[in-house]
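Enquirer: My questions will all concern the structure given below.
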Amino acid sequence: MADEKNNTEELALDSPNKKKKLIIIGVVIILIACGAGGFFFLSGSNEVLSQEDINAELNSSDNEGGSVAQDKIGTALYVPLPRPFLFNIPGAARDRVVEIRVQLLVRGGDNEEVAKKHIPLLESTLLNVFSQANAEDLATSAGKTSLKQKSLTEVQKVMKNMVNKPTIDKVLFTGFVMQ
């Protein structure tokens, strides 16, 4: 009788421990599954496409007319300016600090080389244009668009004076912070 009592006590004691073990094992399995799923989801593809691959992809989806026009114009290349522009501008209530990161859109490898060669001149020209802005204008989308257009006009004018062709097709703001 004492043996039966000890056996039932052991079974009774093992039952909650078994439940705890099963719960812990289940939680561990779920965490491992979530971790593996998150890894595969977030790792994705690290394939980097070159400009030629992108242009080939665009040409394959375009019709023949667009492809011929692009060959005459040249491939789109982006020239990043090495440093962001950091400057003060006056505002109604107080002066503001603005940081703008810029990339230049050029067509063809020759224009890319010319733009890279004249980066200091381009930076100086852009800084002069940016410093003429005011905080109220830059707070609106229309003001930013106007600043891009003024920048493009001035940069093209300077490049036309240097190399007898505008060279730059577009000024792109890739980062814009105003505090």
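The values are calculated or read from the model by the stated rules, or taken from the named source; none is laboratory data. All figures in this text were calculated on a predicted structure; none of them were measured in a lab. Virtual Cβ from ideal backbone geometry, glycine too; neighbours counted across all protein chains shown.
Enquirer: Only one of Val177, Val171, Val129, Val158 is modelled with pLDDT of 90 or more, loosely packed, with under 15 Cβ neighbours inside 10 Å and hydrophobic (A, V, I, L, M, F, W, C). Can you tell me which?
Expert: Details: Val171 fails: loosely packed, with under 15 Cβ neighbours inside 10 Å; Val129 fails: loosely packed, with under 15 Cβ neighbours inside 10 Å; Val158 fails: loosely packed, with under 15 Cβ neighbours inside 10 Å.
Of the residues listed, the single one that is modelled with pLDDT of 90 or more, loosely packed, with under 15 Cβ neighbours inside 10 Å and hydrophobic (A, V, I, L, M, F, W, C) is Val177.
Enquirer: With the requirement that a residue be on the phi > 0 side of the Ramachandran plot and of a type outside the set (Ser, Thr, Tyr), what does region 115-173 give you? Full working, then the answer.
Expert: To start, the set of residues in region 115-173 that are on the phi > 0 side of the Ramachandran plot comprises 164, 167.
Within region 115-173, Asn164 is the sole residue that qualifies.
Enquirer: How about region 132-146: which of its residues are part of a helix (DSSP H, G or I) and either within 21 Å of the chain's Cα centre (by Cα) or at pLDDT below 90 (or both)? Reasoning before the result, please.
Expert: Of all residues in region 132-146, those part of a helix (DSSP H, G or I) come to 135-138, 141-146.
Selection gives Ala135, Glu136, Asp137, Leu138, Ser141, Lys144, Thr145.
Enquirer: Of all residues in region 126-155, which are among the β-branched types (Val, Ile, Thr) and under 15 Å from Lys170 (Cβ atoms)? I'd like the intermediate steps shown before the answer.
Expert: Filtering region 126-155 down to residues among the β-branched types (Val, Ile, Thr) leaves 129, 140, 145, 153, 155.
Once the filter is applied, which keeps residues that are among the β-branched types (Val, Ile, Thr) and under 15 Å from Lys170 (Cβ atoms), region 126-155 yields Val129, Thr145, Thr153, Val155.
Enquirer: Just checking: which of the helices (runs of 4 or more DSSP H) contained wholly in region 1-116 hold 2 or more residues that are more than 21 Å from the chain's Cα centre (by Cα) and at pLDDT 80 or above? Steps first, please.
Expert: Numbers: elements: 2-43, 51-61, 64-73.
Output list reads 2-43.
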